[in-house]
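The values are calculated or read from the model by the stated rules, or taken from the named source; none is laboratory data. As the structure is a prediction and not an experimental result, all values here were calculated from the model. Note that each Cβ is placed from the backbone with ideal geometry, even for glycine, and that neighbours are counted across all protein chains shown.
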Amino acid sequence: MKKYFKSFVVLFILFLVTYSLFNKEHTTDKENTEIKNQEPQYMFGILVDSLKVYNETVKDGQTLGQILYSNHIDHPQIAEVVNKSKDIFDVRTINSGNPYTLICDRDSAETLQYFIYELSDKITYIVFDFTKQPNVYEGKYDVLTKLKVTSGTINSSLSESVEGQGVSPVLTQKMSEMYAWTIDFFKIQKEDTYKVYYENNYANGKYIGIGRVIAAEFTHKNENFYAFYYEDKNNYGEHFDEEGKTLRKAFLKAPLNFYRISSRYSKNRKHPVTGQWKGHFGTDYAAPKGTPIMTTANGTIVAATYTRNNGNYVKVRHNSTYTTQYLHMSKIKNGIKKGVYVKQGDIIGYVGSTGLATGPHVCYRFWKNGKQVDPYKQKLPPGEPISKENRKDYMTVKDSLMTILNSNI
């Protein structure tokens with residue numbers, strides 16, 4: 001009996017050893033297969049398999065220098081990357097709430113290798129590379145565009161109708177700008193309708209917002225107003241109607257996207273700072289400090305400087321008849337200087353309160369034949385229609401877009 005029991009024990013032990021070795025070999029093969037099948041991990045074009053990655057957000061009041069110094073980058077290195085970033089990115093414009101990424105070594109000190117700051121456009125990012133000699137460069141996510149059609153009927157306002165469709169209010173803004181010279185949106189009526197064909201953009205797997213409006217139909221007072229986007233061979237695009245006439249005037253209505261008029265053009269106004277009664281030959285648009293200011297028409301900059309009363313200002317000559325001026329900027333945009341040609345809608349500076357000003361705003365001044373006038377009382381010229389060389393191509397594009405607007409999608 002003891003003999004059989006000992007034999008059984010020996011056989012059982014051999015079974016366990018054999019099973020263990022087989023299982024170990026099988027597991028190791030499985031792990032090796034998983035390692036072989038694992039794809040290299042990249043972020044911002046950087047191989048991060050052997051590195052540590054931390055995703056953070058800029059806090060209120062934080063600066064680039066503070067963030068880098070708290071991650072063991074010394075002051076000489078910070079000064080070097082700030083100097084190298086001058087033509088790429090203004091480090092003073094880092095905004096609270098924007099995301100940034102720290103990519104570090106796996107050593108005990110977690111030495112910083114890369115600092116990546118993501119801009120507010122959600123597409124562009126700035127890479128500060130500390131792997132060898134400090135370096136700075138710009139990168140961009142690939143943008144995936146999906147086209148969508150939305151339509152609605154207005155019961156109270158365009159914005160309420162658009163948001164009721166679950167669409168971003170940015171679409172309302174784009175339609176208002178597009179039809180600014182065609183439809184008075186303060187006078188739209190109940191039962192007016194719209195249909196819009198537009199871009200939804202995605203980057204880094206996230207929705208980043210509405211892109212261009214490709215085509216639109218707005219029915220107001222039983223009349224259809226069309227807009228079709230067309231881009232020429234120079235990649236300059238704008239909206240035209242069904243006959244090829246541009247929807248814009250030669251001048252934008254205002255130099256800001258978001259604003260309220262705080263003071264209109266007047267020949268006799270009490271100045272809010274000096275208290276004197278004198279003419280106010282401009283239109284004041286109140287807006288938060290830092291709001292981008294746009295040139296209202298194509299032209300050449302004739303002044304971009306500072307004076308005691310005007311503060312930081314830019315003056316643009318559009319042609320022999322019209323000139324515009326933009327006062328009290330917090331700062332003039334980099335690269336904007338005398339002799340530079342700018343296009344309608346280009347950013348030339350940012351809202352501030354420099355000079356003789358009580359709060360953040362831009363004072364917009366408008367000259368016609370050398371005399372300051374009220375832009376809201378001028379019969380401004382229209383923009384140029386579609387060119388003769390592009391007309392045939394435009395009509396083909398327009399017809400295809402019209403088909404989409406007339407479909408039931």
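Checking each residue in region 95-144 for being among the basic types (Lys, Arg) and surrounded by 15 or more Cβ atoms within 10 Å (Cβ to Cβ) picks out only Lys122. The numbered conditions (1) at pLDDT 90 or above; (2) under 17 Å from Gly282 (Cβ atoms); (3) among the aliphatic types (A, V, I, L, M) are all true for Leu380 except (1). Of all residues in region 84-100, none satisfies being among the polar types (S, T, N, Q) and farther than 22 Å from Ser330 by Cβ.
State all residues of region 340-364 that are of a type outside the set (Val, Ile, Thr), in contact with a Ser or Thr (Cβ under 7 Å, 6 or more places away or on another chain), surrounded by 15 or more Cβ atoms within 10 Å (Cβ to Cβ) and part of a strand (DSSP E or B); if no residue qualifies, say none. If the condition is that a residue be of a type outside the set (Val, Ile, Thr), in contact with a Ser or Thr (Cβ under 7 Å, 6 or more places away or on another chain), surrounded by 15 or more Cβ atoms within 10 Å (Cβ to Cβ) and part of a strand (DSSP E or B), then Tyr350, Gly352, His361, Tyr364 are the ones that fit. In region 175-195, the qualifying residues are those that are in a loop (DSSP other than H, G, I, E, B) and in contact (Cβ under 8 Å) with a residue 60 or more places away in the chain, and the one that is nearest to Lys249 (Cα to Cα) is Trp181. Residues that are out of contact with any Leu (no Cβ under 8 Å at 6 or more places or on another chain) and aliphatic (A, V, I, L, M) within region 172-210 comprise Ile183, Ile208, listed in sequence order.
For Ile293, the conditions (1) surrounded by fewer than 21 Cβ atoms within 10 Å (Cβ to Cβ); (2) under 16 Å from Phe251 (Cα atoms); (3) in contact (Cβ under 8 Å) with a residue 12 or more places away in the chain are fulfilled apart from (1). Please state which of the following conditions Glu384 fails to meet, knowing it meets all the rest: (1) acidic (Asp, Glu); (2) in a helix (DSSP H, G or I); (3) under 30 Å from Arg317 (Cβ atoms). Result: Glu384 fails condition (2) only. Lys392 falls short on exactly one of the conditions (1) surrounded by fewer than 17 Cβ atoms within 10 Å (Cβ to Cβ); (2) assigned by TED's automatic domain parsing to the domain that holds Ala304, and that condition is (2).
Number of residues in region 285-340 that are of a type in the set (Gly, Ala, Ser) and within 26 Å of the chain's Cα centre (by Cα): the value is 8. Of all residues assigned to region 257-272, at least one qualifies as being under 21 Å from Ile347 (Cα atoms) and at pLDDT 65 or above.
Can you find a residue in region 313-326 that is in contact with a Gly (Cβ under 6 Å, 6 or more places away or on another chain), in the same structural domain as Gly359 (by TED's automatic domain parsing) and on the phi > 0 side of the Ramachandran plot? Checked against the condition, which is being in contact with a Gly (Cβ under 6 Å, 6 or more places away or on another chain), in the same structural domain as Gly359 (by TED's automatic domain parsing) and on the phi > 0 side of the Ramachandran plot, region 313-326 yields no hits at all. On the given criteria, is Thr57 among the polar types (S, T, N, Q), at pLDDT 95 or above and not assigned by TED's automatic domain parsing to the domain that holds Ser330? Against the criterion (among the polar types (S, T, N, Q), at pLDDT 95 or above and not assigned by TED's automatic domain parsing to the domain that holds Ser330), Thr57 qualifies. Between Thr219, Thr131, Thr172, the distinction of being of a type outside the set (Lys, Arg), in contact with a Ser or Thr (Cβ under 6 Å, 6 or more places away or on another chain) and outside any strand (DSSP E or B) belongs to Thr172 only. Summed over region 151-191, residues that are under 27 Å from Lys245 (Cβ atoms), out of contact with any helix residue (DSSP H, G or I) (no Cβ under 6 Å at 6 or more places or on another chain) and not hydroxyl-bearing (Ser, Thr, Tyr) total 15. Taking the numbered list (1) crowded, with 22+ Cβ neighbours inside 10 Å; (2) part of a loop (DSSP other than H, G, I, E, B); (3) of a type in the set (A, V, I, L, M, F, W, C) in turn, Val314 passes all entries but (2).
Note on region 196-217: among residues that are free of Cβ contacts under 8 Å to residues at least 60 places away in the same chain and among the charged types (D, E, K, R), the one that is farthest from Ala250 (Cα to Cα) is Glu199. The residues listed here are Lys368, Lys337; of these, the one that is surrounded by fewer than 18 Cβ atoms within 10 Å (Cβ to Cβ), in contact (Cβ under 8 Å) with a residue 40 or more places away in the chain and more than 17 Å from Thr246 (Cβ to Cβ) is Lys368. Might you check whether a residue that is touching a residue at least 12 places away in the same chain (Cβ under 8 Å), closer than 29 Å to Asn310 by Cβ, surrounded by fewer than 17 Cβ atoms within 10 Å (Cβ to Cβ) and hydroxyl-bearing (Ser, Thr, Tyr) occurs anywhere in region 376-389? Yes, region 376-389 contains at least one residue that is touching a residue at least 12 places away in the same chain (Cβ under 8 Å), closer than 29 Å to Asn310 by Cβ, surrounded by fewer than 17 Cβ atoms within 10 Å (Cβ to Cβ) and hydroxyl-bearing (Ser, Thr, Tyr).
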